[in-house]
Each structure stands twice: as structure tokens, then as C-alpha cells.
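The values are calculated or read from the model by the stated rules, or taken from the named source; none is laboratory data. These numbers come from a predicted model, not from an experiment. So basically every Cβ, Gly included, is an ideal-geometry build from the backbone, and we count neighbours across all protein chains shown. When the accessible area is computed, the model is the full protein with side chains, heavy atoms only, and any ligands, DNA or RNA have been set aside. Shrake-Rupley method; radii C 1.70, N 1.55, O 1.52, S 1.80 Å.
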Amino acid sequence: MSLKKLYLDSLCGDRGALEILIMRFHPLLVKVSFRYGYFDEDCYQECVIAMIKSIEKFSIR
């Protein structure tokens with residue numbers, strides 16, 4: 001599935017599409033969550049929450 005389709009489906013409330021989007025960006029979220037040489041699980045959770053909130057605010061032109 002394309003990112004656009006996943007985005008539109010997750011915007012309509014499809015939790016499966018949202019889960020796939022999060023898994024697609026999982027490597028980036030993990031990379032950002034490394035602090036001082038170790039994985040910060042709280043940072044990861046905050047990144048996922050920020051991603052979910054940003055999906056609601058984002059619009060495709």
C-alpha cells in the first residue's frame with residue numbers, strides 16, 4: 001500500500017492502516033529514540049504519540 005492510501009485510511013479511523021504506518025516508520029522512530037547510547041522507551045512512545053497526532057493535523061493538497 002502507498003503511504004497516501006495508508007494515511008487516508010488511518011484518517012478515516014482504520015486502526016490497521018495506522019498500525020502499518022507506525023511499523024513503516026518504526027526504524028526512524030527507533031533511531032530518534034536512542035539517547036546517550038541506549039534506547040529510551042519513553043521517547044519512543046512520545047514519538048509514536050506525536051506521529052498519531054500529526055496524522056490528524058496533516059492535509060494532502
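Quick notes
- Given (1) 22, 49, 23, 6; (2) 19, 46, 31, 3; (3) 22, 53, 25, 1, the label whose value is P(r) over Cα pairs in 10 Å bins from 0, in percent derived from this model: (1)
- A crude spin-label estimate for the pair ILE55 and TYR36, with each label 7 Å from Cα along the Cβ direction, gives 3.2 nm.
- Cα-centre dipole for the chain with unit charges at Cβ (Lys and Arg positive, Asp and Glu negative), debye to 20: 360 debye
- Expected 222 nm ellipticity per residue - DSSP helices of 4 or more, -39500 (n - 2.57), all of the chain, to 500: -21000 deg cm²/dmol
- Solvent exposure of the chain as accessible area per residue, Å², 1.4 Å probe: 79 Å²
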